[in-house]
């Protein structure tokens with residue numbers, strides 16, 4: 001991945017989200033994309049937070065756009081990898097978000113939405129796919 005591609009992709013990706021044009025957003029992803037998001041667990045019934053395929057993303061993000069008409073992303077920075085791009089941005093609530101995107105050619109085939117702890121703290125730990133903490137044992141057996 002080169003800088004010019006990463007910069008162009010990041011700009012187009014942010015513009016697509018800020019336009020709320022779902023088909024434009026989805027045009028950045030392969031048909032068989034796998035995307036993870038802790039918020040999918042709380043938004044979609046029976047979700048494990050892993051969305052498989054563009055149709056699943058369309059369903060999830062259509063709900064998200066409907067529930068968040070004020071949604072807007074502002075770029076903080078982006079980071080290049082070999083076939084990976086990380087887009088660091090602030091969302092409409094001011095929270096920091098990282099989109100970790102792996103590419104197949106010019107399209108994203110695997111993505112992960114990652115969020116500040118303060119943002120995910122609104123959901124119960126078990127809803128985010130993490131086990132609830134158990135009380136520590138004193139080490140004594142009774």
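Per-structure values
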| quantity | calculated |
| --- | --- |
| Where residue 102 falls short, out of the listed (1) at pLDDT below 55; (2) under 23 Å from residue 30 (Cβ atoms) | (1) |
| All positions within the range 34-46 that are closer than 18 Å to residue 67 by Cα and free of Cβ contacts under 8 Å to residues at least 40 places away in the same chain | 40, 43, 44, 45 |
| The listed residue being surrounded by fewer than 13 Cβ atoms within 10 Å (Cβ to Cβ), more than 19 Å from residue 1 (Cα to Cα) and modelled with pLDDT under 50, out of 67, 134, 122 | 134 |
| Residue list for the range 61-107, restricted to those being in contact with a helix residue (DSSP H, G or I) (Cβ under 9 Å, 6 or more places away or on another chain), within 18 Å of residue 36 (Cβ to Cβ) and assigned to a strand (DSSP E or B) | 85, 87, 89, 96, 97, 99, 101, 103 |
| Residue among 43, 76, 100, 82 that is surrounded by 14 or more Cβ atoms within 10 Å (Cβ to Cβ) and closer than 28 Å to residue 3 by Cβ | 100 |
| Among residues of the range 1-57, those that are part of a loop (DSSP other than H, G, I, E, B) and in contact with a strand residue (DSSP E or B) (Cβ under 7 Å, 6 or more places away or on another chain), counted | 5 |
| Count of the range 48-59 residues which are buried (at least 18 other Cβ atoms within 10 Å of the Cβ) and over 19 Å from residue 106 (Cα atoms) | 2 |
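The values are calculated or read from the model by the stated rules, or taken from the named source; none is laboratory data. None of these values were measured; they are calculated from a predicted model. Note that we place each Cβ from the backbone using ideal geometry, even for glycine, and neighbour counts take in every protein chain shown.
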